[in-house]
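The values are calculated or read from the model by the stated rules, or taken from the named source; none is laboratory data. Bear in mind that the values here come from a model prediction, so they are computed numbers and not experimental data. Please note that ligands, DNA and RNA were not included when accessible areas were found on the heavy atoms of the full protein model with its side chains. Shrake-Rupley method; radii C 1.70, N 1.55, O 1.52, S 1.80 Å.
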Amino acid sequence: MELPAVSLKAIIYVHWLLTMLACTLIWLPNAYYLSNLTVLAVGIWAIIQRDSADAIFMFLAGLITTVVLDILLLALYYAGAEETTEKLVTRDLFRFSAGMAILSLLLKPLSCFFAYHMYVERGGECNFSIVSSGFISGSRDRSTYQTIDHTEGSADPENKMPSRY
């Protein structure tokens, strides 16, 4: 099954728009706005450096972090803000703002999926496995790496660099 071609620019634009619409009424703490806008800034870095696996990995890690943070902040602040705005004129604006924040949260796992595939396309490799103790461990295959202080090819044994260990 072929994945649809989704542009990183489209992902960033949609999340930027939803974050701005969630900001129409100030009911969430500054951590929500700052975390989402910081991740979007890292996403712009990933757009600019098209070949960098590090940039897209940082964007992916930021998206995963904001999923957890958004869940916590929405769970902590929604009920109090709803109660506060229930009898005010801004009740509908609060509902719209909260809906945009929730929609952004619902789209983030899909964005993480596409960002991970972009990371793999850019040459990033990260294998996760569940160890017998139940923990998730990440490893990178380093079998093709060549050490740089390997000096067997030296013709003169007296010119060997001293060991640093």
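Take the residues of region 91-138 that are polar (S, T, N, Q) and open to solvent by 30 Å² or more (accessible area, probe 1.4 Å): which is modelled with the highest pLDDT?
Asn127
Scan region 63-114 residue by residue and report those that are of a type in the set (A, V, I, L, M) and not in a helix (DSSP H, G or I).
Leu88, Val89
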Failed condition for Leu25, given (1) open to solvent by 40 Å² or more (accessible area, probe 1.4 Å); (2) modelled with pLDDT under 95: (1)
Is it the case that some residue within region 57-80 is at pLDDT below 95, over 16 Å from His117 (Cα atoms) and open to solvent by less than 70 Å² (accessible area, probe 1.4 Å)? yes
